[in-house]
Number of protein chains: 2
Amino acid sequence: MSAQQSSADASSDLSDLRYRMRHSAAHVMAEAVMKLFPEAQIAIGPPTDDGFYYDFEVSRPFTPEDLEKIEALMRKTVKADTPFSGVTLSREAALDRFKDQKFKIELITDLPEDEEITVWSHESWEDLCAGRHAESTGKIGAFKLLSVAGAYWRGDENREMLQRIYGTAWETGEALEAYLDRIEEAERRDHRRLGRELGLFFFDPIAPASPFFLPKGTIVLNELIDFVKELYVKYGYQEVMTPQIFNTDLWKQSGHYDNYLDNMYMINVDEREFGVKPMNCPAAAMLYAANTHSYRELPIRYADFGRLHRYERSGVTHGLMRVRTFVQDDAHIFATLDQIAQEVNSFIAMLDEAYTILGFGEFRMALSLRPDKRVGTDEMWDRAEAGLTEVLDASGRKYDLEEGEGAFYGPKIDFFVPDALGREWQLGTVQLDFSLPERFNLQYAAEDGSLQPPVVIHRAMLGSLERFLGVLIEHTAGALPLWLSPVQATLIPIADRHIPFGQEVVEKLRAVGVRAEVNDGNDRMGAKIRAAQGQKIPYMLVVGDREQEANKVAVRERSGGELGAVDVDDFVARVVEEIATRA
Amino acid sequence: MSAQQSSADASSDLSDLRYRMRHSAAHVMAEAVMKLFPEAQIAIGPPTDDGFYYDFEVSRPFTPEDLEKIEALMRKTVKADTPFSGVTLSREAALDRFKDQKFKIELITDLPEDEEITVWSHESWEDLCAGRHAESTGKIGAFKLLSVAGAYWRGDENREMLQRIYGTAWETGEALEAYLDRIEEAERRDHRRLGRELGLFFFDPIAPASPFFLPKGTIVLNELIDFVKELYVKYGYQEVMTPQIFNTDLWKQSGHYDNYLDNMYMINVDEREFGVKPMNCPAAAMLYAANTHSYRELPIRYADFGRLHRYERSGVTHGLMRVRTFVQDDAHIFATLDQIAQEVNSFIAMLDEAYTILGFGEFRMALSLRPDKRVGTDEMWDRAEAGLTEVLDASGRKYDLEEGEGAFYGPKIDFFVPDALGREWQLGTVQLDFSLPERFNLQYAAEDGSLQPPVVIHRAMLGSLERFLGVLIEHTAGALPLWLSPVQATLIPIADRHIPFGQEVVEKLRAVGVRAEVNDGNDRMGAKIRAAQGQKIPYMLVVGDREQEANKVAVRERSGGELGAVDVDDFVARVVEEIATRA
């Protein structure tokens, strides 16, 4: 579920430089805040992937004017070009040095006995800090303060609510400008804003982090599901439907009770404890175990679009990207060890087909190998890792190797795609599991008559469909591919007398399954075209006297392109073909 | 959710006769049990729609031999033809009379102060009973004891587990025989047994009353959903998707907290109380309220296949007929008062279309009018009832009128279908609701600019899809219509050398979406045909040398009919047509 953002850094040197600049900028910012708000309690202020922040407790909210003043003071300090230097202190000295700063006192108190305590300073300002700064304040580069947001001390909802000032710093003015352009573009593409504007979905505190999908959003999700189902038919999957609420005996058997309870919703029924499913795996195991199986039946591929619920703290939920309820294109494959390679291969082929059609032409793969703590014999791991390696090598694609990063139950391959902003998202995964068959005593009758455990392969291409929709909206800036668009064509009559002909055209489109509508409102043509472009409707069909007489429509694309007057039947055929092929 | 079984009785006289016979048979049975088990504690023994039962506490389980002995003793009593007679007793006398019978003592103690206490007797045996018996034991008619089952005293899981003996009694031997044939047929058609045999679904105590759908059952449910979705496109519905878990503030606003809490699953999240949705209505209201609406947009029809959860006591759940989790073909229509008639009319047309295709050619309608306790003005009720009456009258169909049986929030029409066994099931419903718009402050801008509340129309055609599947399985004895069949055609090669040609034929069928498979197992042809018939597969395609040479298949129907050798392409075209038209 978590977005993984790749570093855009070209080298680890650049990465180190930026770390030092941003870390230093955070100190300089805190110094400036304390000059303006001497009573401020300062918390922590680390560098981040694209900037820095610092958390403060002050008597009133920061205003935009405050940020300007803080930035101005920072520029003075940068100009002064004072060196950063660090010293080691005893615990007592440190507690005395920060005696007026309650958060620092708490941090010092919580440090392990044998931890070395260092303080870094520039000018006369000093901070409790492990170091790694620029040489001097003059080396902070091009920086800018960006925004203020609330943040709990130590991320704990029961502690103080602080104010976090975000800023960014880059090695050159150009790099800063490029970054500011990127965040402006990211805001323009923010799926939460577009979701509202395009009438796709909304959120309400009555069901926190649980999207309500309006008709248009539901169309997109259903199209995605239908698309995946088509691939399932082609690749030999069988869909199943399983319950959502299970007695905790199941979650104890599966290991979720020991490892995942904090993220589960629990219910008492008839004085027994039940849990709402956060994953489909145990239900898939129960389906498998409901019948006996022979090696001849394997592999069995059970696909389950079951709705999942996972508790996430309100601080970490984010639009569709991190929700508390979602559906996955989830499936579990029950196979023999010998079938692992063919199954993974087939999955990668299916995933490649899906990603290409969905507009993610390239993807990165990372193979995660056995961790220290694991189940299963070395021989099993050898075989499974060899199987995955063989498939990846045969694929001719590059992949990254992550030693020790596999799940405790088996090795896995994760799939990452870059979006239009250069951010990278983990979508797909394929994981081998030797533990589930053991926990659920799954078996098949092998060719020699012996009972053997199958291996379980967990796999998803898109992952959470909710999150995938969020990624897709940001990737396309809301201009979804034709086949996914809630409205595929809007007919714009130039005058009211063209409405009946327009309706005829729309009926023709609808009769063949195209989602089309007539805009018979009172706006002028220009306004209707702008509205359609704003709604990212792929085709606008303008109809006036000339078009009507010739049984044509003047076709405009949302991108601005004009196809001119096209015969109605030709247009219908063209759009049907485009939708059918998901071109 | 509850099955409504119509009485098969031709007249209320016959109904009264059967009541008296069965009630009397229950007494005679209890007398016989006490002769055989003098220490028995007797509970209650009423007549039912098709027989009678009596609950007993005895030291050991009843055996089939016990039932034979009990029946033999009953026959003696019937032959003796002793009259039934009743007397009124004081509370003290009654407590004394039944001093050895703890359940009777409890019943007497719980009777209201002013209740008249009567005792009815035959021979020397007497029972606490309000009366309504046959004249004498000789008038009990043709009877038979059927089975024994466990039953909690007063239906309370925390009280004594008793043994219930079921019997039946009819006015003639023929009526008894006809009834026994019917229950044998019902057992043959039991959807729980067929569900297992046909590989459709199963239950497990780990998720009580929550079906696990295997691939074949999932195909049927998905076909039903797709069918309903097609009708939704035709009749102008928009599908939406809403969360499942809501803060109880929502359930307080909707009235569920006050009226439905016992049937809801509650969860604590972040120290606040949440409820899992038992109905979609409040979420539909929230979707409507998320935007402003003008009269021009109405009616708005939101369809929601959201999974619902309702707690039902384990004693009342039954296969798919009464479960704890299900999906409905549920929709909520937001309309003006003037649109009620057209909307209900359109719904009945859609329902008629759906039922006909699903093999329920006729249905009965019942209009339920204003109850004493209700919301809304008389003028609103007048208009709504007049609207429904007008639609029903115009439909030219008969309907029953149920005065005072409407919901507190509006009048409703329920739709009943008879199944192949003559049992009647309530499937569809359409309900007008004046309360929900008020509770959620729903509005639309009327033509005159004023803000008006829309009326909400709750409607479902099939109701719970799980339950509908159960009804359909019993109605068809598992022989689902072709378009719903999980496997639509099975190809049976006479010898192994015919397998490749058989696979070619199956590939042709699959390419056009027909669910077909080759039975390439080792069984002989006759066994394969019987297996296919047992699995209720609509078409068996037998292929030998002659068929292969002529590019034909020998087509057999599951009903036993033979279509002879049919050209492969002709058969493909025929089956595609049959599926597409849901013939």
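The values are calculated or read from the model by the stated rules, or taken from the named source; none is laboratory data. Note that the coordinates shown come from a computational prediction; the quantities given were computed from them, not determined experimentally. Cβ: placed from backbone, ideal geometry, glycine included. Neighbour counts: every protein chain shown.
Count of the range B:543-583 residues, restricted to those that are in a strand (DSSP E or B), in contact with a Lys or Arg (Cβ under 7 Å, 6 or more places away or on another chain) and touching a residue at least 60 places away in the same chain (Cβ under 8 Å), is 0. Of all residues in the range A:202-260, those satisfying the criterion of being over 27 Å from A:Ala479 (Cβ atoms) and of a type in the set (A, V, I, L, M, F, W, C) are A:Ile206, A:Ala207, A:Val233, A:Val240, A:Met241, A:Ile245, A:Phe246, A:Leu250, A:Trp251. In the condition set (1) crowded, with 20+ Cβ neighbours inside 10 Å; (2) touching a residue at least 24 places away in the same chain (Cβ under 8 Å), A:Glu223 is compliant with all but (1). Of all residues assigned to the range A:386-399, none qualifies as being more than 29 Å from A:Glu230 (Cα to Cα) and in contact (Cβ under 8 Å) with a residue 12 or more places away in the chain. Of the residues making up the range B:223-250, those that are of a type outside the set (A, V, I, L, M) and either farther than 24 Å from A:Thr218 by Cα or within 7 Å of another protein chain (Cβ to nearest Cβ) (or both) are B:Gln238, B:Glu239, B:Thr242, B:Pro243, B:Gln244, B:Phe246, B:Asn247, B:Thr248, B:Asp249.
Quick one: is A:Tyr288 over 17 Å from B:Met266 (Cα atoms), touching a residue at least 12 places away in the same chain (Cβ under 8 Å), over 30 Å from the mean Cα position of the chain (by Cα) and surrounded by 19 or more Cβ atoms within 10 Å (Cβ to Cβ)?
Here the answer is yes, as A:Tyr288 does meet what is asked.
Kindly establish whether A:Arg459 is in a loop (DSSP other than H, G, I, E, B), crowded, with 18+ Cβ neighbours inside 10 Å and within 29 Å of the chain's Cα centre (by Cα).
Numbers: in a loop (DSSP other than H, G, I, E, B): no; crowded, with 18+ Cβ neighbours inside 10 Å: yes; within 29 Å of the chain's Cα centre (by Cα): yes.
Judged against the criteria, A:Arg459 is not a match.
Per the listing B:Asp55, B:Asp50, the residue uniquely charged (D, E, K, R), surrounded by 20 or more Cβ atoms within 10 Å (Cβ to Cβ) and outside any helix (DSSP H, G or I) is B:Asp55.
Do we have A:Asp258 as part of a helix (DSSP H, G or I), more than 7 Å from chain B (Cβ to nearest Cβ), acidic (Asp, Glu) and under 26 Å from the mean Cα position of the chain (by Cα) here? So A:Asp258 does not fit the description; no.
Of all the residues that make up the range B:530-542, how many are assigned to a strand (DSSP E or B) and over 20 Å from B:Pro481 (Cβ atoms)?
Our first condition is that a residue be assigned to a strand (DSSP E or B); within the range B:530-542, this holds for B:539-542.
Subset that is over 20 Å from B:Pro481 (Cβ atoms): B:542.
Selection size over the range B:530-542: 1.
If the condition is being of a type outside the set (S, T, N, Q), within 12 Å of chain B (Cβ to nearest Cβ) and either under 12 Å from A:Pro454 (Cα atoms) or part of a helix (DSSP H, G or I) (or both), then the range A:263-294 contributes A:Pro282, A:Ala283, A:Ala284, A:Ala285, A:Met286, A:Leu287, A:Tyr288, A:Ala289.
Yes/no matrix, rows are residues, columns are (1) in a strand (DSSP E or B); (2) touching a Ser or Thr at 6+ places or on another chain (Cβ under 9 Å):
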site: B:Arg296; (1), (2): no, no
site: B:Gln342; (1), (2): no, no
site: B:Asn345; (1), (2): no, yes
site: B:Gly359; (1), (2): no, yes
site: B:Leu367; (1), (2): yes, yes
site: B:Asp372; (1), (2): no, no
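Taking the stated definitions as given, is B:Leu491 in contact (Cβ under 8 Å) with a residue 60 or more places away in the chain, under 27 Å from B:Ser368 (Cβ atoms) and either of a type in the set (A, V, I, L, M) or outside any helix (DSSP H, G or I) (or both)? Reasoning before the result, please.
On the way: in contact (Cβ under 8 Å) with a residue 60 or more places away in the chain: yes; under 27 Å from B:Ser368 (Cβ atoms): no; either of a type in the set (A, V, I, L, M) or outside any helix (DSSP H, G or I) (or both): yes.
For B:Leu491, the condition - in contact (Cβ under 8 Å) with a residue 60 or more places away in the chain, under 27 Å from B:Ser368 (Cβ atoms) and either of a type in the set (A, V, I, L, M) or outside any helix (DSSP H, G or I) (or both) - is not met.
All of (1) away from every other protein chain (no Cβ under 14 Å); (2) free of Cβ contacts under 8 Å to residues at least 40 places away in the same chain; (3) closer than 24 Å to B:Arg307 by Cα hold for A:Asp338 with one exception: (3).
Would you point out which residue out of A:Phe62, A:Phe52 is at pLDDT 95 or above, touching a His at 6+ places or on another chain (Cβ under 8 Å) and closer than 25 Å to A:Tyr166 by Cβ? Criteria check complete, one pass: A:Phe52.
Select from the range B:306-321 the residues that are more than 10 Å from chain A (Cβ to nearest Cβ) and either among the acidic types (Asp, Glu) or assigned to a loop (DSSP other than H, G, I, E, B) (or both) and list them in ascending order. Let's see the steps before the verdict.
The initial filter retains those residues of the range B:306-321 that are more than 10 Å from chain A (Cβ to nearest Cβ), namely B:308, B:310, B:312, B:315-321.
The answer is B:Arg310, B:Glu312, B:Gly315, B:Val316, B:Thr317, B:Gly319, B:Leu320, B:Met321.
Hey, could you check the range A:17-66 for residues that are of a type in the set (Asp, Glu) and either in contact with a Pro (Cβ under 7 Å, 6 or more places away or on another chain) or touching a residue at least 60 places away in the same chain (Cβ under 8 Å) (or both) and say which is farthest from A:Lys79 (Cα to Cα)? Even if it seems obvious, please write down each step before you answer.
First, the residues of the range A:17-66 that are of a type in the set (Asp, Glu): A:31, A:39, A:49-50, A:55, A:57, A:65-66.
This time we only want the ones that are either in contact with a Pro (Cβ under 7 Å, 6 or more places away or on another chain) or touching a residue at least 60 places away in the same chain (Cβ under 8 Å) (or both), so: A:31, A:50, A:55, A:57.
Working: A:Glu31: 14, A:Asp50: 23, A:Asp55: 24, A:Glu57: 27 Å.
If we take residues in the range A:17-66 being of a type in the set (Asp, Glu) and either in contact with a Pro (Cβ under 7 Å, 6 or more places away or on another chain) or touching a residue at least 60 places away in the same chain (Cβ under 8 Å) (or both), then A:Glu57 is farthest from A:Lys79 (Cα to Cα).
Residues that are in contact with a His (Cβ under 6 Å, 6 or more places away or on another chain) and closer than 26 Å to A:Tyr232 by Cβ within the range B:467-518 comprise just one, B:Ile473.
The number of residues in the range A:74-95 being buried (at least 18 other Cβ atoms within 10 Å of the Cβ) and either touching a residue at least 40 places away in the same chain (Cβ under 8 Å) or within 18 Å of A:Ala169 (Cα to Cα) (or both) comes to 4. In the range B:187-215, what residues are in contact with an Asp or Glu (Cβ under 7 Å, 6 or more places away or on another chain), part of a helix (DSSP H, G or I) and more than 9 Å from every other protein chain (Cβ to nearest Cβ)? Matches in the range B:187-215: B:His191 only. Of the residues contained in the range A:346-369, none is found to be more than 27 Å from the chain's Cα centre (by Cα), more than 14 Å from every other protein chain (Cβ to nearest Cβ) and in contact (Cβ under 8 Å) with a residue 40 or more places away in the chain.
Considering the range B:399-410 alone, what residues qualify as being in a strand (DSSP E or B) and farther than 15 Å from B:Ile457 by Cα?
Residues satisfying the conditions are B:Tyr399, B:Asp400, B:Leu401, B:Glu402.
Any idea how many residues of the range A:146-177 are touching a residue at least 60 places away in the same chain (Cβ under 8 Å) and either surrounded by 16 or more Cβ atoms within 10 Å (Cβ to Cβ) or in contact with a strand residue (DSSP E or B) (Cβ under 9 Å, 6 or more places away or on another chain) (or both)? Residues that pass the stated criteria total 16.
Within the range A:524-583, the set of residues being among the basic types (Lys, Arg) and within 37 Å of the chain's Cα centre (by Cα) comprises A:Lys528, A:Arg530, A:Lys536, A:Arg556, A:Arg558, A:Arg574, A:Arg582.
Scan the range A:411-442 for residues that are hydrophobic (A, V, I, L, M, F, W, C), surrounded by fewer than 20 Cβ atoms within 10 Å (Cβ to Cβ) and under 16 Å from A:Gly463 (Cα atoms) and the total you get is 1.
Given the structure, is B:Gly521 outside any helix (DSSP H, G or I), surrounded by fewer than 21 Cβ atoms within 10 Å (Cβ to Cβ), of a type in the set (Gly, Ala, Ser) and over 32 Å from the mean Cα position of the chain (by Cα)?
The answer is yes for B:Gly521.
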